[in-house]
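Throughout, read-outs are computed from the coordinates displayed, never taken from laboratory work. Computed from a prediction, not measured in an experiment: that's the story for all the values here. Counting neighbours? That spans all protein chains shown, and the Cβs are built from the backbone with ideal geometry, glycine included.
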Amino acid sequence: MLSAHFSEDELTRSNTAIRKGIDNSPDYHVKANLIVLANGLERVRSALGAPMNISSGYRGPKLNAAVGGSRNSDHMQGLAADFTAINFGTPLEICHWLNLQKDQIGFQQLIHEGRWVHISFPDEGAPKLEILTAHFTPSGVTYTRGLA
């Protein structure tokens with residue numbers, strides 16, 4: 001376990017990696033970042049008062065490319081996760097609540113991605129507390145500041 005509620009397996013497991021035979025094992029540096037991520041997710045879980053379903057955590061470069069992730073994604077550093085918390089509410093409701101709790105949670109980015117929430121944490125320094133909304137179109141993903 002990386003923290004009270006989050007395991008390394010949970011934050012590195014990927015159905016896409018399994019299906020495509022991609023090794024998604026984290027190196028030493030990423031493992032240290034996964035502890036930062038797990039501790040940040042603990043703060044989120046506490047703020048929500050509900051368990052979370054992690055759909056994506058660490059993604060090595062090959063896996064990140066396979067899922068169409070951003071070339072500079074915090075997922076590749078082990079500092080980001082995508083999740084839902086059905087017992088709390090919709091992803092938009094989660095984002096609004098976490099926005100109110102941002103100073104206590106200390107996230108780098110919080111993104112409403114429609115059907116899930118993306119959150120990342122800084123490995124050092126002050127958190128950016130950036131809040132975005134993703135917009136998915138046939139030509140790609142764009143982002144706007146704030147919660148749309």
Practice problem: Take residue 24 and decide whether it is farther than 18 Å from residue 127 by Cβ and in contact with a Gly (Cβ under 6 Å, 6 or more places away or on another chain). | Solution: yes
Counting only residues that are farther than 24 Å from residue 19 by Cα and free of Cβ contacts under 8 Å to residues at least 24 places away in the same chain, the stretch 64-86 contains a total of 0
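Residues are listed down the side, and each one gets a yes or a no for (1) basic (Lys, Arg); (2) buried (at least 21 other Cβ atoms within 10 Å of the Cβ):
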residue	(1), (2)
94	no, yes
108	no, no
115	yes, no
120	no, yes
131	no, no
Selection from the stretch 1-41 of residues of a type outside the set (A, V, I, L, M, F, W, C), in contact with a Phe, Trp or Tyr (Cβ under 7 Å, 6 or more places away or on another chain) and closer than 22 Å to residue 90 by Cβ yields 40
For the stretch 16-35, pairs from a residue that is in contact (Cβ under 8 Å) with a residue 12 or more places away in the chain and over 19 Å from residue 54 (Cβ atoms) to a residue that is in a helix (DSSP H, G or I) and of a type in the set (S, T, N, Q), with Cβ under 8 Å and 6 or more apart or across chains, are none
So, first residue at positive phi in the stretch 39-63, second residue surrounded by fewer than 17 Cβ atoms within 10 Å (Cβ to Cβ), Cβ within less than 9 Å, six or more apart or across chains; the pairs are 49/87
